[in-house]
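Data block below; observations after.
The numbers here are math on the coordinates, done by the rules we state, and not lab data. These numbers come from a predicted model, not from an experiment. Cβ coordinates were reconstructed from backbone atoms using ideal geometry, including for glycine residues, and neighbour counts include every protein chain displayed.
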Amino acid sequence: MTDLIVHASCVAQQRPDRSWRAVLITGASSGIGAELARQFAADGARVALAARDATRLESVAAECRALGAEALVVVGDVGVEASCADIVGRTVAHYGQLDVLVNNAGMGSSGRFEDVTDLTIFDTLMRVNYLGSVWCTAHALPHLKRTKGRLVAISSLTGLTGVPKRTAYAATKHAMAGFFDSLRIELDGTGVTVTMIYPGFVFSEINQRALSPDGTPFGDRGYTRRKGETMETDRCGRLILAAVANRNRDLVMTWRGKIGRMLKLMSPALVDRIAKGVIESRQ
């Protein structure tokens, strides 16, 4: 039932099109990125996997090859523009084309703004979450125009509304939404489509690697995984793949997120209280 609600919120631009041949996924060493790599591979795509951890990338690549797919490992840091250029360049040099770019690499943060003692957190997250997506997109766009390909940006529900204790993270996701929504309009008529993905709570390592106010990883401190409230990565991946195949404009993954999006227009203060309650119940 929930899957039906999710798909009903996405207005398909055309019939499902899975003609992707070369797919580049950033942040592919774990979590949503690794799951998308496996699912694109199972669907017949040749995948390029980008992240900083070579060992973990090789492990994901081995899983993709076991599914019968070709997998290229590209070690790089999306927080550095030159690295983004290298990631895209090596992918196109190897496969000869690029059909899908999934901007998935990201870092999280947790803590009240007034408790932050290391303000470089804001710069770090902005470079990885937002600028990394901008830089990868800039270098990939000429190739995507040639294939009439697809741009995919993995955002978060925090990109739709403010969330307490997520000031740095929410700022980057709002920036992504503004950038890709604007770029979508500029690309009208080129054949390149833009799909924004807004997951809710997905159980992955991003929660444990989130930066605390002093700049150290948050780990498991106070994080509570509640049954029925956290989506598994495999289901998340299936929904994303369907949205990309349909060239959907966006995908808000949870019914709470969709209701919240509508409520924000009518009663933003109520949405603020709901967001505060959800976060306080988890930490």
Filter the stretch 117-156 down to the residues that are over 12 Å from the mean Cα position of the chain (by Cα) and among the polar types (S, T, N, Q), then identify the one that is surrounded by the most Cβ atoms within 10 Å (Cβ to Cβ).
137
Can you say whether residue 79 is surrounded by fewer than 24 Cβ atoms within 10 Å (Cβ to Cβ) and either closer than 19 Å to residue 141 by Cβ or polar (S, T, N, Q) (or both), as far as the supplied structure shows?
no
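Could you list, in sequence order, all residues of the stretch 89-116 that are touching a Pro at 6+ places or on another chain (Cβ under 6 Å), crowded, with 18+ Cβ neighbours inside 10 Å and of a type outside the set (A, V, I, L, M)?
Result: 111, single match.
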What tally of residues in the stretch 157-196 results from selecting those that are part of a helix (DSSP H, G or I), surrounded by fewer than 24 Cβ atoms within 10 Å (Cβ to Cβ) and among the β-branched types (Val, Ile, Thr)?
3
Near pairs, Cβ below 8 angstrom, 6+ apart or cross-chain, from the stretch 23-41 (touching a residue at least 60 places away in the same chain (Cβ under 8 Å) and under 16 Å from residue 98 (Cα atoms)) to any residue that is of a type in the set (Lys, Arg) and surrounded by fewer than 24 Cβ atoms within 10 Å (Cβ to Cβ):
23/46
